[in-house]
1. Take the alpha carbon gyration tensor of the range A:432-533, find the square roots of its eigenvalues, order them as a ≥ b ≥ c, and report rounded if a/c is under 1.5; if not, report prolate when a/b exceeds b/c, else oblate.
2. Taking the number of other C-beta atoms within 10 Å as the exposure measure, put A:Met130, A:Met491, B:Met74 in order starting with the fewest.
3. For A:Trp332, A:Trp530, what ranking results if the residue with the fewest other Cβ atoms within 10 Å of its Cβ goes first?
4. So what's the back-of-envelope 222 nm ellipticity for chain B, counting only DSSP H runs of four-plus at -39500 (n - 2.57) apiece and dividing by all residues, rounded to 500?
5. Between B:Asn146 and B:Ala32, what's the calculated FRET efficiency when r is the beta-carbon distance and R0 is 22 Å? Round to 0.05.
6. Which lysines have a Cα less than 25 Å from the Cα of A:Lys302, not counting those fewer than 8 places away in the same chain?
7. Which GluC sites (Glu not before Pro) from the range B:21-116 combine a DSSP loop assignment with at most 16 other Cβ atoms within 10 Å?
8. Calculate the mean, over all residues of peptide B:166-172, of how many other protein chain Cβ atoms lie within 10 angstrom of the residue's Cβ.
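Each value in this text was obtained by applying a stated rule to the coordinates, not by laboratory testing. Remember, predicted model here, so these are calculated numbers, not experimental data. In this analysis, Cβ positions are derived from the backbone assuming ideal geometry, glycine residues included, and neighbour counts consider all displayed protein chains.
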Amino acid sequence: MLVCTAAVAHAASVDSVAAGRRLYLEGLGQGGNPIVATVQGDVAVTGATAACVGCHKRSGLGVSEGGQRALAVTGPALFGSDTSRVGNLTRSRTAYTDATLARAISQGIAADGQILDPLMPRYRLNAEDMRALIAFLHRLGAEPAPGVNENELELATIVSAEAPPGEREAVTTVLRRFVEMKNGGTRQEEKRAAASRRHAYGEKHVRAFRKWKLSVWTLDGPASGWPAQLEARYGGRPPFAIISGATGPDWPVVHEFCERHELPCILPVTDLPAESAAGNYTVYLSAGVRLDARITARSITKGYDDVDGRILLLYVDDQRGRAAQRAFLEAWLEARRGSLTMRAIDPGSTPTYKDWKDVIHRERPDVLVAWLLPPQLQSLTSIASSAGTLPRRIYTAASFTDWSSIHALPIFEQRVLHVYPYSLGAAGLSPFPREEAWLRSQELADLERIPAVEALFACHAIGEAMADMADNYSRDYLIETLEHMLDGTAMTTIFPVTTLGTGQRFLAKGAYVVKLAPGQGTARYLNSGWIQP
Amino acid sequence: MSAQTSAAVDEHAAHREMAAAPSYRVSRAEYAVPDIVLTDEQGQVVDLHTLLSGDRPVAVNFIFTSCTTICPVMTATMLQLQRELVKEPAKPMFVSISIDPDYDSATMLSAYAKRFGADWTFLTGERADVLKVLQAFSAWRGSKNNHAAITLFRSVGADHWTRVEGLASARQLAEIWKKNVS
């Protein structure tokens, strides 16, 4: 009899928890009605604007912003006997009961009778919605996150043979070395922390020093087979988060996988992120080829006086080329300046001088956009020998072209405008001095530079975030911490401007348009304007 | 947990409905509105100086669309303030300036305004320009996550502004407006 009642109660609470979760995340009560509340004493808020998640966040661990602090509302924080062990945003008070919690939510009176700040809305919920919400809050943050135990933090990175070998090698080598170094350092920190255990904060710090354990997941075969491989790896041993990664143009498959498991995926090396930025769990360096495309379109349609000429877009007919072409077309249609012709170039072919000359003669473009494979672009530069027909401006982009490996006549190079999102070092100086110093000290200076710097940044980002999170190992809290921490971060100079915020998923939002100068490496790139589409 | 705790407290704070400590402060300030061109939520170019120097008293605040904590509250408060002020002889002009121009395009601002049913002007612009505006109004705290709740009122032709720092109720703001703005 007793057993039977318990089973029924449990079944009811599963539904209830789901309803409470929806209320918390979307501000919708049962039956889909927007909830209503009053904030700041007399301001009505409803639905999504009143949803708890805005202030208390998905993790429930709260947030501190501009002098305002929304406290932690996880199960352990509210109902636990020792709030000092939960989160950075708790105050000491007696534990909540369901009844005092309902009072806090509807009247703003805390468990210890304190009046809550009027920024905490006072909710008018019916009994059923209140029950569901409280059932959900009991569960929020109550389970330990996967991939963490007393001693270890499990991280994984994901690579595939579709990624260029240099990129894969840079990512895995940097990650492995960083983890090795960090775990070495952690032993030192453990000793220090143990020595200072008597101090008030000692214990919290001890708990924060978990060893990192890194797995490298190598995906085989075509991307259609990846989901099964990812599930198998994950099921065997779920990591806390995915760190960096390099799988080539099929990263969206990994993106979907991470969303499915609410698995944070931090700063993968890809220029083809999932198309819809919708999703909570992957934080990208930039929108990759789509950012290049939007910036190119913006420069062409707004950047010059003679914007009404003929535009010819040559793009390699692969996933990246097509994604760039679609993003360009969309941006161009909005502005609709000049006339646009587009040509897909088979990735398996390298057109000859004559092929290119025919195209150029037929289309007579004023502006040429060339998003091609390196040999294709190299062959395109041969049109320089028939200078009379050269376009006035020739756009290339960092996702497709590295000008240190392309050689062209000055008459061609003078027309090039190259879209480049990374920092440009001041004359003769490295744009990434700290990262390069580390790579040199590790004798890893031969790794492909940009992916190595990007992977190192992913390590630093997760390391700093973990330190900030203290012992709150929540996947959502990792994302929330990074959303704040990476905004304007001084952690890396990889991009000249990095910004992030709640729900923002691309760190770099603009790029330089550079001209080519004689010289070597990025010293060839001369800033000729910054564009933020 | 207020932005100001022991700082000068406005008399209206006594009207707070809850017994919590007053959480805003009212002061008078002069700002040199910079000569800068911004973009509104329709994508139209707007000269800030001209916009603010029209024949209507103005209320300005600072928000960003990916702020889920105090910005929605500030926007909802403005909306309610608008209703509180319908009977005022001089129709107020409301302006919200984004402090996250890197992310807040005109399109983002327009969607944000629609979500709240806010019919006033939302501004964004080049990062450097927006920063100048924020600095001119002492509204920049080094990072958008460190933003302060600031509402500014100015009468037509006045050379000073009424500055409300911190969060207030709509009725408190309406009282401050009625007392200081014409």
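1. Here the range A:432-533 falls in the oblate category.
2. Working: A:Met130 20, A:Met491 14, B:Met74 23.
With the sparsest Cβ surroundings first, the list reads A:Met491, A:Met130, B:Met74.
3. Values: A:Trp332 22, A:Trp530 15.
In increasing order of surrounding Cβ atoms, one gets A:Trp530, A:Trp332.
4. Rounded to the nearest 500, it is -8500 deg cm²/dmol.
5. 0.40
6. Qualifying lysines at Cα under 25 Å: A:Lys509, A:Lys515, B:Lys132.
7. Those that pass, being in a loop and sparsely packed, are B:Glu30.
8. Values: counts 2, 9, 5, 7, 5, 4, 3.
Mean inter-chain Cβ contacts per residue within 10 Å come to 5.
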